[in-house]
Each structure stands twice: as structure tokens, then as C-alpha cells.
1. Residues of the range B:39-55 losing 40 Å² or more of accessible surface, assembly versus chain alone, probe 1.4 Å, please list them.
2. Read phi for every residue in the range B:57-68 and hand back ³J(HN,Hα) as whole Hz from Karplus 6.51 cos²θ - 1.76 cosθ + 1.60, θ = phi - 60°, with x for Gly and Pro.
3. Using a 1.4 Å probe over the heavy atoms of the protein chains, calculate the carbon and sulfur portion of the accessible area of chain B as a whole percent.
4. When the helix-only estimate is applied to chain A (DSSP H runs of n ≥ 4, each -39,500 (n - 2.57), divided by the residue count), what is the mean residue ellipticity at 222 nm, nearest 500 deg cm²/dmol?
5. Rank A:Asp5, B:Asp82 by accessible area, highest first, at a 1.4 Å probe radius?
6. What are the label-to-label distances in nm, one decimal and shortest first, from B:Val102 to the same spot in the other copies, with labels 7 Å along Cα to Cβ?
7. Quick check: residue separation of A:Asp33 and A:His148 times 0.36 nm, minus the Cα distance between them. What number comes out in nm?
8. Check which residues have an amide H placed less than 5 Å from B:Val16's amide H, if you skip close sequence neighbours.
There are 2 protein chains.
Amino acid sequence: MKHADLTETQLASETVFQGGLLRVKRDTVRLHDGNTATREYIEHNGAVMVIPVLNSGELLMERQYRYAMSRHCLEFPAGKIDAGEEPLATGRRELLEETGYVAGEWTYLATIHPTVAYSTERILVYLARGLSHEGGQLDDGEHLETLHLSLEALLELVRSGEITDVKTVIGAFWLEKLRRGEWPGGPVLP
Amino acid sequence: MKHADLTETQLASETVFQGGLLRVKRDTVRLHDGNTATREYIEHNGAVMVIPVLNSGELLMERQYRYAMSRHCLEFPAGKIDAGEEPLATGRRELLEETGYVAGEWTYLATIHPTVAYSTERILVYLARGLSHEGGQLDDGEHLETLHLSLEALLELVRSGEITDVKTVIGAFWLEKLRRGEWPGGPVLP
């Protein structure tokens, strides 16, 4: 099928807000039909999510309070990529910092985009196996707790609407595809 | 399992940026351990995604250029909830505006949160069946095109990394669960 070229070309770009966490850009663009328009979006350095599979087959997850949601969320470990950091290094760092675990085997699974309409954020998803606990995790205050969950229990929490975080929902579905062997080319999982 | 209460309580809130599209808030919060912290986030009115299933069983999808991604994206129809608008009305409006279709049967499926770390956005997901084309869609310039796709083809584009938009990825997995009858309580699909 022949698709239309709807590309929008940058004419000008400025930073209109720089906070402690968020940077907002406002660009002027030329549309495919020759008109101009304004595009406002968050500039984000990207993030990494880790799906840690314990030797028991259970998944290592975190529970933390998400202020913007006004609720506690159950999620796979994840965090932002530091400037100049390799994504795999981000995965190792976040897994250790947040859970105290290190993994012997890392497998890249996918890249997803949470907010195509207003943020450049991408999330790289890695599978982490061969886990061992090194401890020495969270510093003072402990703002999250970790727990072990079977994939079946996780999917039931997705179905029932208790887990709504998109990266975690996609991680659960993706893992099920791999475990069932329904996605050729992916890693074979126990 | 007994979980810790990690609730963060608002002490102060201010709007630190108001653009044409994005509003950034910065709140001071009291943490569960008594310390205070700053939380910066996008205040968003929410959105609706529609999974339109044609009478043939194929899915009605859109392709548009996403400037923040620097690429064309294949997505289910979706759009922001206007102030005071009922989510179902948003779904009907966006489906008609973007594709020219109306649906006779609407079923609520799920609510997902794309960015738990820095946006209040929630996306309500509806299934739309009994579709008929009323036409009279996009106005001048046409910034998107529509296409029909089987669920199998859609899932293959997810697996291969061509479709990365989280709401669309979750819609595809969710629909497969319903079609296979693996999620009790959900609508029975042909």
C-alpha cells in the first residue's frame, strides 16, 4: 500500500519552559501541504524498563506512590537514561538501585513510545535473568517496596484494572507471548 | 500481603508553565517519612482511544505524522477529552472527525496511564462495533489517512517494532485476549 508523506519539517525551535524535571519545547513546523503550525512537546532523554525474571519464574516488581496519579502503582523497575549513558547501563543501575538485584543475562526486547502526541520519550525494554541479590539498595526514606509476582497474577491485575501503567502492561503481554513461544525470533523462556 | 503506605500529600501547588497545549504544575508534597519534596508534572484532561472493529473483522486505523517522534505512526483513533465532555462523547466525536465512521455499539474496555511519572493523563479505551461510514471527515489539509488491518497483521507490526505507540500496542493485545476468550467478563467478540 502506498502511503501519503505527511512529514512536518522544523522551521524554528525554542525552549519555552525548563523546570527541575521537565523541558518544554515549542517548534514552528512546515506541514506537508505547505502551511505552518506550532508543535509543543516535552523533550525527554528516554528511559529503560527492566523485566526481571527470578530463577523461580516469578517477576520482581516494585510498588511506589505516583503523585501525578494520586495512587500507589505496581510497576516493573524503570528509570531515566542519564545524559551520555548507554541504555543497558541504565537498566543495570536502576535494577540495582531500586531492588538490590544484579542480573547475569540481559536481553533487549522492544522500544515503546508512551506519549507520541507530546513527548519525545522512548522506553527501551530489557529482560533480565540470572538474578542475584546484592542488597544495599534504597537510601534513607525508602520510597518504594519490592515484591514477587507470577506472570499469571500480573496479567489478572491488568485485566481487573488494578495495574494501568502502560509500560508494565506491555511488559506483561510481551512476556506472555515469549513464554508461549508465539513470537518467533524472541528469546526462549522457561 | 500488607503494603506500606507511601502516600504523598499536597502542601502547595502552582502552575509554572501554561502553553497552547501543555500545562506544567509544580507541587510541594509531604512524603510518608515526614520530609518534603517537589513534584513537577503535566496536568492533562485525559483522552479516549477507540478500537473500531469493522464488520469484516478488520480494524480501522489511522496513520499520521507525529512530530515529537519524527516519524509516521500507525494508531487507533484517539483524542483529548474536552472540558466537561463525557468520555464516550469524546470517542464518538473523534471517530467521526478522524475517520468519518459512526458506531452502533460501544463497549468500555479499560483505562490506562501512559506516563505515571510526570503526567496526570489517563486514556479510556472503548471498543466500537456496528460501524458505518458517514463520510464528511477531515477538513482542509488532511493530516492523517485511514486504513484497514487485521489483528494478526497489527500484532506482527508490534512484534517487529514498527508499531510502538503504547495505547495501540495495548489495544492490540487486549483485543487478542477478548477474541481468544481468555479474559472472562469481557465482551464476546467474533
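1. Residues meeting the cut-off: B:Glu40.
2. Using θ = phi - 60°, the values come out as x, 6, 9, 8, 10, 10, 10, 8, 7, 10, 4, 5 Hz.
3. Its accessible area is 46 percent carbon and sulfur atoms.
4. -6000 deg cm²/dmol
5. Per-residue accessible area, sorted high to low, gives A:Asp5, B:Asp82.
6. 6.4
7. Length difference between fully extended and current span is 36.1 nm.
8. So B:Val16 has HN proximity to B:Val24, B:Lys25, B:Arg26.
The values are calculated or read from the model by the stated rules, or taken from the named source; none is laboratory data. Quantities reported herein were computed from a predicted structural model and do not represent experimental measurements. Virtual Cβ from ideal backbone geometry, glycine too; neighbours counted across all protein chains shown. Heads up: the accessible areas ignore ligands, DNA and RNA and are worked out on the full protein's heavy atoms, side chains in. Shrake-Rupley method; radii C 1.70, N 1.55, O 1.52, S 1.80 Å.
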